[in-house]
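Structure first, then comments.
The numbers here are math on the coordinates, done by the rules we state, and not lab data. Everything numeric in this text was worked out from a predicted model, so none of it was measured. Note that each Cβ is placed from the backbone with ideal geometry, even for glycine, and that neighbours are counted across all protein chains shown.
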Ligand SMILES: [Zn+2]
């Protein structure tokens with residue numbers, strides 16, 4: 001079985017998620033944006049073997065701790081999609097601009113593409129490319145537990161910002177309606193910020209993508 005624990009990190013309260021296979025104890029962290037001590041303490045408390053870092057996109061609050069953690073523990077960095085290269089290159093400047101601890105740039109071990117899968121222990125998750133908030137944004141779908149880790153694509157009652165460089169509002173709407181909704185109304189999603197919701201609830205009530 002796939003399990004997860006969401007841990008808000010950084011002053012932006014970004015939802016980093018520790019995901020693990022309970023048969024093997026192997027774990028990955030989705031979006032280790034910062035507060036690495038807090039994340040590693042949880043990994044240790046749960047008795048997990050941390051094997052990889054997975055990224056939805058390369059904004060500072062999601063990716064800021066990635067380079068340091070990968071270097072410190074010798075972990076592979078999986079994702080996002082190549083479109084976020086310029087955001088990765090800009091991490092040192094992003095950290096200064098937003099008053100974050102210094103962040104390192106890095107080279108992902110593996111870029112992700114639409115239709116790819118990622119594996120942790122015995123558990124496989126599907127990757128969908130969902131551009132719009134950033135051009136290289138990906139989401140991780142775990143159909144075996146009806147969960148999706150969607151980063152800053154969709155929130156409970158809102159959607160991701162598109163006023164950054166290479167943001168694109170229509171692309172974001174298309175990502176949500178064409179790549180998230182087909183995962184099913186029952187799917188619970190873990191957004192990059194704030195509480196979980198379901199795709200069905202957002203389809204009914206989200207003012208940005210309701211009735212789509
Ligand atoms: Zn973002």
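At-a-glance table
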item	result
Search result, residues across the stretch 52-77 that are surrounded by 20 or more Cβ atoms within 10 Å (Cβ to Cβ) and more than 20 Å from residue 94 (Cβ to Cβ)	52
Considering residues of the stretch 65-80 that are touching a helix residue (DSSP H, G or I) at 6+ places or on another chain (Cβ under 6 Å) and touching a residue at least 40 places away in the same chain (Cβ under 8 Å) only, the residue farthest from the ligand (Cβ to nearest atom)	69
Residue tally, condition within 16 Å of the chain's Cα centre (by Cα) and surrounded by 15 or more Cβ atoms within 10 Å (Cβ to Cβ), over the stretch 101-112	3
Matching residues in the stretch 101-111 - criterion: being more than 16 Å from the ligand (Cβ to nearest atom) and closer than 23 Å to residue 18 by Cβ	101, 104, 106, 108, 109, 110, 111
Search result, residues across the stretch 165-184 that are within 14 Å of the ligand (Cβ to nearest atom) and either within 18 Å of the chain's Cα centre (by Cα) or crowded, with 17+ Cβ neighbours inside 10 Å (or both)	167, 172, 175
Any hit, the stretch 137-146, residues being surrounded by fewer than 17 Cβ atoms within 10 Å (Cβ to Cβ) and within 16 Å of the ligand (Cβ to nearest atom)	no
Restricting the stretch 5-15 to residues that are within 13 Å of the ligand (Cβ to nearest atom) and part of a strand (DSSP E or B), the residue that is nearest to residue 88 (Cα to Cα)	14
Criterion (surrounded by fewer than 18 Cβ atoms within 10 Å (Cβ to Cβ) and within 13 Å of the ligand (Cβ to nearest atom)) met by exactly one of 98, 86	98
Residues of the stretch 10-21 classified as surrounded by fewer than 24 Cβ atoms within 10 Å (Cβ to Cβ) and either free of Cβ contacts under 8 Å to residues at least 60 places away in the same chain or in contact with a helix residue (DSSP H, G or I) (Cβ under 7 Å, 6 or more places away or on another chain) (or both), total	3
Residue in the stretch 188-212 that is farthest from residue 90 (Cα to Cα), counting only those that are touching a helix residue (DSSP H, G or I) at 6+ places or on another chain (Cβ under 7 Å) and within 16 Å of the ligand (Cβ to nearest atom)	189
Test: residue in the stretch 148-155 that is surrounded by fewer than 22 Cβ atoms within 10 Å (Cβ to Cβ) and away from the ligand (no atom under 12 Å from the Cβ)	no
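Here's the yes/no breakdown for (1) more than 15 Å from the ligand (Cβ to nearest atom); (2) within 20 Å of residue 20 (Cα to Cα):
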site: 116; (1), (2): yes, yes
site: 126; (1), (2): yes, yes
site: 158; (1), (2): no, no
site: 186; (1), (2): yes, no
